[in-house]
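Okay, structure first, notes after.
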Amino acid sequence: MAFRLFKKSVMMVLREKKQFIVFCLMYTFLIFWTSYSIELVIKTPSLGLASTSFFMALGVGIFLSLLYAWLIVRRNSKTIATLKCIGWTNKDINSLISGFILFTTFMGFFIIVEVLFHYAAFFVYINPTSPTVPLVNLLPVFVTFTIFLFFQILAILLANRKILKVRPIIALKRVGV
């Protein structure tokens, strides 16, 4: 049952291409920004700008996660109401929306890891004799990803509250007159 719902949530995400691409790229940028800030804090702990940048990235990440969850429920309220009308439970719908949110986050993470691997491979190919200094090590990227997964859990909780407020009567109202 869970895999079937995750598959449906991926199909639902891919149906809304513009929103998915925008938020996926924003998550990619935020994961990179936060990882780079962690890297700077590790390399130069006395630099106050790096810690400020880190906390700004975390604040923007929390805001975007909550905004994305709110937008998903808001834009799909008629779909959610229709699913409630045909017998889906709030738990099933919450699983669907959770898959929607988590898939976007995972894709942002995979994009940043792929870009970092290609960046390192490109510079090794250009100059194989010099030691390659990666733009960002993978450890800060994984740390940032776990932080963003925590943000997504908060967003899922917000989405769950919004899902509970959607009533099936919304699907039965006439559109236009």
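Please treat every number below as a calculation from the coordinates, not as lab data. As the structure is a prediction and not an experimental result, all values here were calculated from the model. Backbone-built Cβ (ideal geometry, glycine too); neighbour counts: all protein chains shown.
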What percent of all Cα-Cα pairs in region 110-165 falls into each 5 Å bin, going from 0 up to the bin containing the maximum distance?
4, 16, 17, 14, 12, 10, 8, 7, 5, 4, 2, 1, 0
In this structure, the FRET efficiency calculated for Lys173 and Phe106 from their beta-carbon separation, with R0 = 45 Å, to the nearest 0.05, is 0.80
Run the count for the chain, please: Lys pairs, Cα-Cα under 24 angstrom, 8 or more apart or on different chains.
29
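Going by average Cβ neighbours within 10 Å, how do the peptides 54-64, 7-17 rank, with the highest at the top? Could you put the intermediate results ahead of the total?
Details: 54-64: 16.1, 7-17: 14.1.
Descending packing order for the listed peptides: 54-64, 7-17.
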Computed over region 53-95, Kirkwood Rh from alpha-carbon pairs, angstrom
12.0
Can you give the FRET efficiency to the nearest 0.05 for Leu139 and Val10, using r as the Cβ-Cβ distance and R₀ = 41 Å?
0.90
Counted charge near Leu5, where neighbours are those whose Cβ lies closer than 11 Å (Asp, Glu -1; Lys, Arg +1)
+3
For the chain, find the longest principal axis of its Cα atoms and tell me its angle to the long axis of helix 90-126, 0 to 90°, nearest 10.
20
Mean separation of Cα contacts under 8 Å, 6 or more apart, over the residue count of region 2-168: relative contact order %
38
